[in-house]
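The structure under discussion appears below in the form of structure tokens.
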Amino acid sequence: MKLPRRNFLHLAAGAAALPAVSRFAWAQAYPTRPVRVIVPFTPAGTTDIAARLMGQWLSERLGQQFVIENRPGASTTIGTEAVVRAPADGYMLLLVTTSSAINTTLFEGKLNYNFLRDIVPIVGIFRVPNVMVVHPSVPAKNVPEFIAYAKENPGKINVESPGAGTSTHLAGELFMLMTGVDMVHIQYRGNAPALIDLLAGHMQVGFDTMPASIEYIRAGKLRALAVCTATRSHALPDLPTVGEFVPGYESSGYFGFGAPAGTPAGIIDKLNKEVNAGLVDPKMKTQLADLGGIILGGSPADFRTLITDETEKWGKVIRAANIKPE
């Protein structure tokens, strides 16, 4: 039977709309089963704690468990690749960190994915400041004095980091590039051994994360010269920024959520909305403040801009300092 043209067009339009309606309904119902959040670091660090705080919030808000799964290794690339290869259905998410931006250049041509193409940003959660700290035996009491001291002792000052290409390593390299000082980079296998040697005086300076170093600063075991973020930190409000003496200097870590490219926009928007709600919740704000974090939030586009800008910034540092993965 031949349908009248008007009826045919009406049915055709309805059929065309079905996939969009289905995708919308799917996003509205999401999640209908537990969601895995891949953290590409070992348990108990700042990254892991932040993921668990937000995972608990999302579990309570969305009625399904957001299960934290630690997949460390290869400078976060193992965990990242697992998410890149996962179905784009919102049931496997990635805790995105500064390493994602760094690795684009550090492992250029060696990765099995393109981060900006293969991971869709959901939302930034917070920044974690780096802090420029020295052993008390170092005579410098502030950044200008340290620069003068370092220039008087070229190649004699050891700067520690938890590994080549880490955000704290690059913070020190950026400082050297912008000030012209010559320091010797000594890398360790993780934050703990690096800090142990700094506390013992075997190292002279570090650009460590605030959560890792703040208690040593407060106890007088390390001397903080400056915070590395663009603005002063509420955790150490009297401490100046490096940028107050070295204009344009900024280094910090950031955390947020991402998903495989192709994840429905409705799911991305739903997760974005719920995380932003958590970031203004008084209890959550206090918990993140205790980690020394600076709240981010915002739209998926805001987070993409941050990742893109950080990729370009650290790419320049890696190339200028000729940093290679170890």
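The values are calculated or read from the model by the stated rules, or taken from the named source; none is laboratory data. From a predicted model like this one, the values you see are computed outputs, not experimental measurements. Glycine gets a Cβ as well: all are built from the backbone with ideal geometry, and neighbour counts include every protein chain shown. Areas reflect the complete protein model, heavy atoms only, side chains present, ligands, DNA and RNA absent. Shrake-Rupley method; radii C 1.70, N 1.55, O 1.52, S 1.80 Å.
Among the residues making up segment 110-149, a single one is aromatic (Phe, Trp, Tyr) and open to solvent by 50 Å² or more (accessible area, probe 1.4 Å): Tyr149. Filtering segment 177-195 to residues that are buried (at least 17 other Cβ atoms within 10 Å of the Cβ), within 21 Å of the chain's Cα centre (by Cα) and aliphatic (A, V, I, L, M) leaves Ala194, Leu195.
The residues of segment 98-111 that are under 18 Å from Ala261 (Cβ atoms) and either assigned to a strand (DSSP E or B) or in contact with a Phe, Trp or Tyr (Cβ under 9 Å, 6 or more places away or on another chain) (or both), listed by number, are Ser100, Ala101, Asn103, Thr104.
When you look at Lys221, is it farther than 21 Å from Phe41 by Cβ, of a type outside the set (Gly, Ala, Ser), in contact with a Leu (Cβ under 7 Å, 6 or more places away or on another chain) and touching a residue at least 60 places away in the same chain (Cβ under 8 Å), yes or no? Here the answer is yes, as Lys221 does meet what is asked. Comparison of Asn114, Asn158 shows that the only residue that is in contact with a helix residue (DSSP H, G or I) (Cβ under 9 Å, 6 or more places away or on another chain), free of Cβ contacts under 8 Å to residues at least 60 places away in the same chain and under 30 Å from Lys270 (Cβ atoms) is Asn114.
Let's see how each residue does on (1) more than 30 Å from Asn153 (Cα to Cα); (2) modelled with pLDDT under 95; (3) not in a loop (DSSP other than H, G, I, E, B):
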{"residue": "Leu225", "(1), (2), (3)": "no, no, yes"}
{"residue": "Arg232", "(1), (2), (3)": "no, yes, no"}
{"residue": "Gly262", "(1), (2), (3)": "yes, no, no"}
{"residue": "Glu274", "(1), (2), (3)": "yes, no, yes"}
{"residue": "Ala277", "(1), (2), (3)": "yes, no, yes"}
{"residue": "Thr286", "(1), (2), (3)": "yes, yes, yes"}
{"residue": "Arg304", "(1), (2), (3)": "yes, no, yes"}
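Looking at Glu152, Glu215, which one is more than 20 Å from the chain's Cα centre (by Cα), at pLDDT 95 or above and open to solvent by 50 Å² or more (accessible area, probe 1.4 Å)? Checking each option against the conditions leaves just Glu152. Applying the condition of being under 23 Å from Leu174 (Cβ atoms) and over 13 Å from the mean Cα position of the chain (by Cα) to segment 82-109 and asking which residue is most open to solvent (accessible area, probe 1.4 Å) yields Glu108. Would you be able to say whether some residue in segment 25-34 is buried (at least 16 other Cβ atoms within 10 Å of the Cβ) and touching a strand residue (DSSP E or B) at 6+ places or on another chain (Cβ under 6 Å)? No, segment 25-34 contains no residue that is buried (at least 16 other Cβ atoms within 10 Å of the Cβ) and touching a strand residue (DSSP E or B) at 6+ places or on another chain (Cβ under 6 Å).
Every listed requirement among (1) open to solvent by 10 Å² or more (accessible area, probe 1.4 Å); (2) within 22 Å of the chain's Cα centre (by Cα) is met by Ile267 save one, (1).
The residues in segment 244-263 that are of a type outside the set (Ser, Thr, Tyr), farther than 19 Å from Ile217 by Cβ and either surrounded by 20 or more Cβ atoms within 10 Å (Cβ to Cβ) or under 21 Å from the mean Cα position of the chain (by Cα) (or both) can be counted, and the count is 9. Of the residues that make up segment 224-231, is at least one under 21 Å from the mean Cα position of the chain (by Cα), hydrophobic (A, V, I, L, M, F, W, C) and open to solvent by 60 Å² or more (accessible area, probe 1.4 Å)? Looking for residues that are under 21 Å from the mean Cα position of the chain (by Cα), hydrophobic (A, V, I, L, M, F, W, C) and open to solvent by 60 Å² or more (accessible area, probe 1.4 Å), one finds at least one in segment 224-231, hence yes.
A single member of Leu174, Leu198 is of a type outside the set (Asp, Glu) and either open to solvent by 10 Å² or more (accessible area, probe 1.4 Å) or touching a Cys at 6+ places or on another chain (Cβ under 7 Å) (or both), and it is Leu174.
The single condition among (1) under 22 Å from Ala82 (Cα atoms); (2) touching a Gly at 6+ places or on another chain (Cβ under 7 Å) that Met284 does not meet is (1).
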